[in-house]
1. In whole percent, how big is the carbon plus sulfur part of the accessible area of the chain, probe 1.4 Å, protein atoms only?
2. Spelling out what I want: for every residue of region 107-115, take phi, set θ = phi - 60°, compute 6.51 cos²θ - 1.76 cosθ + 1.60 (Karplus), and round to whole Hz; glycine and proline get x.
3. How big is the dipole moment of the chain about its Cα centre under a simple scheme where the beta carbon of each Lys and Arg is +1, that of each Asp and Glu is -1, and everything else is neutral? Debye, nearest 20, please.
4. Suppose R0 equals 25 Å. What FRET efficiency, 1/(1 + (r/R0)^6) with r the Cβ-Cβ distance, do Phe29 and Gln107 give to the nearest 0.05?
5. Please list 3J(HN,Hα) in residue order for region 33-47, calculated via the Karplus relation 6.51 cos²θ - 1.76 cosθ + 1.60 where θ = phi - 60°; whole Hz, with x for glycine and proline.
6. Would you work out if region 3-51 is rounded, prolate or oblate? Take a ≥ b ≥ c from the square roots of the eigenvalues of the alpha-carbon gyration tensor; rounded if a/c is under 1.5, else prolate when a/b is larger than b/c, oblate otherwise.
7. Using the Karplus curve 6.51 cos²θ - 1.76 cosθ + 1.60 with θ = phi - 60°, work out ³J(HN,Hα) for each residue of region 2-19 in order, rounded to whole Hz, and write x for Gly and Pro.
8. To the nearest 10 square angstrom, how much accessible area does Lys86 have with a 1.4 angstrom probe?
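The values are calculated or read from the model by the stated rules, or taken from the named source; none is laboratory data. Fair warning: this is a prediction, and the values are worked out from it, not measured in the lab. Counting neighbours? That spans all protein chains shown, and the Cβs are built from the backbone with ideal geometry, glycine included. For accessibility, only protein heavy atoms count, side chains too; no ligands or nucleic acids. Shrake-Rupley method; radii C 1.70, N 1.55, O 1.52, S 1.80 Å.
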Amino acid sequence: QVQLVESGGGLVQAGGSLRLSCAASGSIFSINVMGWYRQAPGKQRELVATISSVGTTNYADSVKGRFTISRDNAKNTVYLQMNSLKPEATAVYYCSLCSRGFGTWGQGTQVTVSS
């Protein structure tokens with residue numbers, strides 16, 4: 001069983017930056033994909049970015065050039081550096097880990113960007 005714990009959310013002004021972290025624990029297979037998704041009020045959960053265990057990344061078009069996903073495999077931790085934040089980035093951000101056909105979600109962390 002895998003547990004994910006996110007941290008780093010908060011309130012920031014438009015144009016500012018935040019860094020999210022997600023630490024995984026439990027039975028973690030070395031080959032996996034970790035990622036960040038977000039869900040704004042009244043909207044569906046959407047992909048923000050993913051990163052494989054060998055470092056292959058994928059980003060939503062809306063965040064390319066402003067957000068950077070990275071990971072530390074030794075710490076089983078994934079990060080999301082968010083720069084030039086816009087009010088439309090306001091959402092609950094969820095960490096995910098997918099491995100061997102199974103997926104796990106974190107509890108989510110709130111990001112609020114004020115205009």
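1. Numbers: 3080 of 6140 Å².
For the chain, the apolar C and S fraction of the accessible surface comes to 50 percent.
2. Result, rounded to whole Hz: 7, x, 9, 7, 10, 10, 10, 8, 8.
3. Its charge dipole is roughly 60 debye.
4. Details: r = 22 Å, r/R0 = 0.87.
Here the calculated transfer efficiency is 0.70.
5. Working through the residues one at a time gives 10, 10, x, 10, 10, 9, 9, 8, x, x, 10, 7, 5, 10, 5 Hz.
6. It is prolate, given that a/c is not under 1.5 and a/b is the larger ratio.
7. Result, rounded to whole Hz: 10, 10, 10, 10, 8, 7, x, x, x, 9, 9, 7, 4, x, x, 10, 9, 10.
8. For Lys86, the solvent-accessible surface is approximately 90 Å².
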